[in-house]
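Student: Take a look at this one; I'll ask things after.
The values are calculated or read from the model by the stated rules, or taken from the named source; none is laboratory data. Computed from a prediction, not measured in an experiment: that's the story for all the values here. Using ideal geometry, Cβ is built from the backbone for each residue, glycine included, and neighbour counts are taken over all protein chains shown.
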Amino acid sequence: MDLFSTPAPENAVQRVAELTQLIDHYNYEYYMNDKSLVSDFEFDALLRELIELESQYPELALPTSPTKRVGGEINKTFRQVEHRFPMLSLGNTYSMEEIEEFEMRTRKLLDGVPFTYTCELKYDGVAIGLTYKHGELVQAVTRGNGAVGDDITDNARTIPTIPLKLKGNYPDDFEARGEVVYPFDAFEAMNKLREAEGDEPFANPRNAASGSLKLQNSAECAKRKLMFCMYFMMLPEDENAQGDYATHYGRLQAAKEMGFKVQPYIKECKGINEIKSFIDFWDKERWNLPFGIDGVVIKVNQTTLWNSLGMTAKSPRWAIAYKFKAERVSTPLLEVSYQVGRTGVVTPVANMEPVWLGGTTVRRATLCNADYMAKLDIHEGDYLLVEKGGEIIPKIVGIDMDQRKPDAPVLQYTQVCPVCGTPLVRADGEAGYYCPNQDGCLPQLLGHLEHFVGRKAMNIDSLGSERLKLLYDAGLVKNVADLYDLERNQLIGLESNPTETAKTSIQEKGADNILKALEVSKEVPFERVLFALGIRYVGEVGAKKLARYFGNIDALMEANVMELAMVDDIGDVTAMAIYDYFANAEHKAIVERLRNAGLQMQVVDNRISNVLDGMTIVVSGVFEHFSREEIKNTIEQHGGKASGSISGKTTYLLAGAKMGPEKLKKAEKLGVKIISEQDFMAMIGK
Ligand code: IVH
């Protein structure tokens, strides 16, 4: 707290308490009980009022405030923390016989002591441990290697099913463990959005959950709609546990009363028959759940018996996981079709006789690329083996050889682009083919336009993929330079064809927004213009390095392959691609038109001094006066090079708060001098 600020007035303290209680209550009913007690509008108004009050009186903004759910904390690195109690994994099996053995062994070990089991779902997500002290969430840590994990507290606070403050009775100090899952509907919505923005979609909900927990900006994590499913309450003395805490079932019910999301799909079972029917039921029913599970977990219910059952080398003897086998079917291949992506990459797709698999009818599945198809060795008329595991996406895993017809010829991969007919090419070492007709093949052309207007390129957000298609169909835009010739009266009244699935139109306001965004984009720095051009293999970092090295577009266009390959991070293949790009007269003409439109074609020198000339500085941790990006820019503005990893070439390790221990160790080992933020500021004369 700032000692010199005036304390918040009584009425502010009271209003913050009122708002907190109301919002917590509405959140709880919404996320735990699916009940909407107020409209979104009313809810947002209350939240905004609380945010406003907390920013006016920061001392009232507690870490347990519901405003923390919105996120906004920036984590430059995730601190590594040691688990107070190791996060163990479970023995697991795909075999019912082994479950029978587990049941018999447990009974034998307990030698007549009465006990029961609990059966519950095995959530397919990311394991985390939440520490609560005096009823407040103080830390959230990922499993990591079981002994040490990442501190993801800021991101965990944004997950509505993780209580920040507990209700009713709770142990004073304990850890709640569970799995963060990505519900299917939210996962699909997020992936659609990513694709629309030109980002790579996540392969499955588990990877997406894991990626989300590691987002540096917790406000982004808040948008992900993750869910926490609690499955374990860790208390220090299991053998002396009393009352509710003496059983696992009781602990979870108690946790529910405290405000945790505890799934209702848990059953106390007396013996092997009940365990088997729970497993059989969920093996079929799992597809109707809103989130992924990959099995069932069976635990001895009496926590007081856990210690006496003990441990094997890695996992407790009082629990076991039964994992579901992936469902597999065999179905005839009808035809292989080929899709052309935005970058020209061709993906083969198997169209199959529709087949029921894991709760849905499967008609199509990717064959990934030419290499994967060759490995499968598909012959005409083959039956394909299709599998669906815990994920929603069906996979082709092999050929049903029992159904192979004698003399069936090998299926030939297409030689030409299915969209524009151009012969396909394959770059050395790549697993698949691509269509080289960058400027004339429709999906590539649209992909190219989408890339150009993208957030990390020219950032023209009023032009999404549907509007670009509209402009293309209207004959107004065939390449990126055409965008800057657009006129207001050409835009107003444009409407998509009634046959288009995604319909859109442009009215007066839309037209003005587009023209304004195009105008603003003329200030985008050269390095991003270069990235926006979409030269094959030239990503954000490569574009930055090329811009710095050559300084302007003319020098870059005149460079030969050898000169291009001299640039840091630009390999021979990329150098060749850049050379080829500018050797094309059409590309040169586009660059000229963009230059005439007023786009930035040279680096603006923002050098302040040369005091860090020749120095390579590695930045780690969090700083008081700079964000990570700012400190890197400052290093470069003073002639230094900011690097991410420590090596023999590192001049200094610039250490902020919460620096990772690994970096420190490495710096010490290599004898790299460590400097503080203050030292750095003194060096640059700040
Ligand atoms: S109990 C000491 N219960 O499955 C035992 N684990 O190896 C603590 N998991 O990564 C685990 N659902 O994160 C338990 N209902 C459930 C679970 C569950 C998913 C995960 C857990 C761990 C793995 C087991």
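Student: Only one of these is closer than 23 Å to Val524 by Cα and either in contact with a strand residue (DSSP E or B) (Cβ under 6 Å, 6 or more places away or on another chain) or not charged (D, E, K, R) (or both): Gly648, Gly639, Gly621. Name it.
Tutor: Values: Gly648 fails: closer than 23 Å to Val524 by Cα; Gly621 fails: closer than 23 Å to Val524 by Cα.
Answer to the check: Gly639.
Student: When the residues of the range 82-100 are filtered to those that are farther than 30 Å from Asp150 by Cα and not in a helix (DSSP H, G or I), which remaining residue is nearest to the ligand (Cβ to nearest atom)?
Tutor: Of the range 82-100, the ones farther than 30 Å from Asp150 by Cα are 94-100.
Remaining after also requiring not in a helix (DSSP H, G or I): 94-95.
On the way: Tyr94: 14, Ser95: 16 Å.
Of everything passing the filter in the range 82-100, Tyr94 is nearest to the ligand (Cβ to nearest atom).
Student: Return yes when Pro354 is farther than 30 Å from Asn437 by Cα, more than 16 Å from the ligand (Cβ to nearest atom) and free of Cβ contacts under 8 Å to residues at least 40 places away in the same chain and no when it is not. Quick ask: steps written out before the conclusion?
Tutor: Numbers: farther than 30 Å from Asn437 by Cα: yes; more than 16 Å from the ligand (Cβ to nearest atom): yes; free of Cβ contacts under 8 Å to residues at least 40 places away in the same chain: yes.
Against the criterion (farther than 30 Å from Asn437 by Cα, more than 16 Å from the ligand (Cβ to nearest atom) and free of Cβ contacts under 8 Å to residues at least 40 places away in the same chain), Pro354 qualifies.
Student: Then there's this: Taking the range 157-189 only, how many residues are in contact with a His (Cβ under 9 Å, 6 or more places away or on another chain) and within 16 Å of the ligand (Cβ to nearest atom)?
Tutor: Of the residues in that region, 1 qualify.
Student: Hey, could you check the range 642-661 for residues that are touching a residue at least 24 places away in the same chain (Cβ under 8 Å) and over 17 Å from Asp679 (Cα atoms) and say which is surrounded by the most Cβ atoms within 10 Å (Cβ to Cβ)?
Tutor: Here is the first cut: in the range 642-661, the ones touching a residue at least 24 places away in the same chain (Cβ under 8 Å) are 642-646, 649-661.
Next cut, over 17 Å from Asp679 (Cα atoms) only: 643-646, 649, 658, 660-661.
Details: Ser643: 16, Gly644: 9, Ser645: 9, Ile646: 21, Lys649: 12, Lys658: 14, Gly660: 16, Pro661: 10.
So, considering only residues that are touching a residue at least 24 places away in the same chain (Cβ under 8 Å) and over 17 Å from Asp679 (Cα atoms), the one surrounded by the most Cβ atoms within 10 Å (Cβ to Cβ) is Ile646.
Student: Show the residue pairs meeting these rules: Cβ distance below 7 Å; 6+ apart or different chains; first residue within the range 210-229 and more than 22 Å from Ser627 (Cα to Cα) and without any contact (Cβ under 8 Å) to a residue 60 or more places away in the chain; second residue within 16 Å of the ligand (Cβ to nearest atom) and part of a loop (DSSP other than H, G, I, E, B).
Tutor: Filtered contacts from the range 210-229: Lys225/Pro183.
Student: Next question, about the same structure. List the pairs whose first member sits in the range 70-88 and is closer than 26 Å to Lys223 by Cα, whose second member is part of a helix (DSSP H, G or I) and modelled with pLDDT under 80, and whose Cβ atoms are under 7 Å apart, counting only residues at least 6 apart or on separate chains?
Tutor: Pairs that qualify, where the first residue is closer than 26 Å to Lys223 by Cα and the partner is part of a helix (DSSP H, G or I) and modelled with pLDDT under 80, are Lys76/Arg628; Gln80/Pro661.
Student: Name the residue that is nearest to the ligand (Cβ to nearest atom), counting only residues in the range 131-156 that are in contact with a helix residue (DSSP H, G or I) (Cβ under 7 Å, 6 or more places away or on another chain) and in contact (Cβ under 8 Å) with a residue 40 or more places away in the chain.
Tutor: Thr142
Student: Another question, if that's okay. Go through the range 567-603 residue by residue and tally those that are in a loop (DSSP other than H, G, I, E, B) and either closer than 13 Å to Leu533 by Cβ or under 34 Å from the mean Cα position of the chain (by Cα) (or both). Walk me through it before giving the result.
Tutor: Keep residues of the range 567-603 that are in a loop (DSSP other than H, G, I, E, B), which gives 567-571, 584, 598-601, 603.
Filter again for either closer than 13 Å to Leu533 by Cβ or under 34 Å from the mean Cα position of the chain (by Cα) (or both), leaving 567-571, 584, 599-601, 603.
Within the range 567-603, residues that are in a loop (DSSP other than H, G, I, E, B) and either closer than 13 Å to Leu533 by Cβ or under 34 Å from the mean Cα position of the chain (by Cα) (or both) number 10.
Student: Could you please find all residues in the range 294-321 being hydroxyl-bearing (Ser, Thr, Tyr) and either within 11 Å of the ligand (Cβ to nearest atom) or assigned to a helix (DSSP H, G or I) (or both)?
Tutor: Thr303, Thr304, Ser308, Ser315
Student: Right, something else. Just need a number here: residues in the range 562-575 that are more than 21 Å from Lys641 (Cα to Cα), hydrophobic (A, V, I, L, M, F, W, C) and modelled with pLDDT under 95.
Tutor: Adding up the residues that qualify gives 2.
Student: Would you pick out the residues in the range 257-285 that are within 14 Å of the ligand (Cβ to nearest atom), free of Cβ contacts under 8 Å to residues at least 40 places away in the same chain and not aliphatic (A, V, I, L, M)?
Tutor: Pro264
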